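Before any comments, here is the structure.
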Amino acid sequence: MPKPPVDPNKVVVFSGAGISAESGIDTYRDQDGAWNKVNPELVASKRAWEKHPGNVLSFFNERQKAVIAAQPNAAHYAVQKLEEKFEVVVITQNVDDLHERAGSSDILHLHGSLSQARGDSPEAVPFERGIAPIELGDRDDDGYQLRPHIVLFGEDMLHAEEARQHFLTAGKILVVGTSLSVYSAAGLLKKGRFEADKVIVSFDVQKVPFGYHLVRGKATEMVPVVVDDWLARADA
């Protein structure tokens, strides 16, 4: 099957925990990240939800408090600025809503979003949960226990095929704040086309995927530089 054509006016922004860390949200995998403080199998896995749902709710309620207290930073706002000249799709591994609050209009959350909840059933539709914590005994209209709309360990990534198609058709790809160590999300970068302009802004990438240009630096400093360059070239 032939690949779809590349759209030179389309930008995919693929973001990870590093972009939100600069807004004060702890990462999961860094030296001081959450998974070095607590075993994810006990608080963020499908098995934990089945056996000890209260532990899962408590963990993610605390994460939600941190998200509520945080604010979008210069990198989030720079990503939104790309919409002045391009069709932009943000594909994020993050479960916070900082891209939304910065004004980005088209966002795919591969691992779900803390700002949403859903009932614990396969047919449940996620909804905006507000700022209240989710407690044991909180139920949806069908009587199912509510849970954060988060992909737990042992569950499938969301929006996988849609994300692949966006990478295949993007004329520009900007990867921000990820070590590319979380699969299958990181494998999406391989779908970027040879002719696309592909940039990674990160401190933590050890092996740069073929065809990508690595810019080592803080997201708040380097993402605006990349964005301004792309916007200037669009005007040329």
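Simple point charges give the picture: +1 on the Cβ of Lys and Arg, -1 on the Cβ of Asp and Glu, and for the range 1-148 a dipole about the Cα centre of about 340 debye. For a paramagnetic label modelled on R47 (point 7 Å from Cα along Cα→Cβ), amide N atoms under 13 Å away belong, within the range 137-158, to 153-155. For the chain, the longest principal axis of the Cα atoms and the long axis of helix 53-69 meet at an angle of about 50 degrees.
Close Lys pairs in the chain, defined as Cα atoms under 17 Å apart and 8 or more places apart or on different chains, number 17.
If the chain linking A232 and D7 were pulled fully straight, counting 0.36 nm for each residue of separation and taking away their Cα-Cα distance, it would gain 79.2 nm. Shown is the FRET efficiency for D138 and S181, computed with R0 = 41 Å from the Cβ-Cβ distance and rounded to the nearest 0.05: 0.75. Multiplying the residue separation of K207 and S58 by 0.36 nm and subtracting their alpha-carbon distance yields 50.1 nm. Computed 3J(HN,Hα) for the range 81-96, one whole-Hz value per residue from the Karplus formula 6.51 cos²θ - 1.76 cosθ + 1.60 where θ = phi - 60°, is 4, 4, 5, 5, 10, 10, 7, 10, 10, 8, 10, 10, 7, 6, 9, 8, glycine and proline marked x.
Values quoted throughout were computed directly from the atomic coordinates according to the rules given, and no laboratory measurement underlies them. Everything numeric here is computed off the predicted structure, so don't read it as measured data. Cβ: placed from backbone, ideal geometry, glycine included. Neighbour counts: every protein chain shown.
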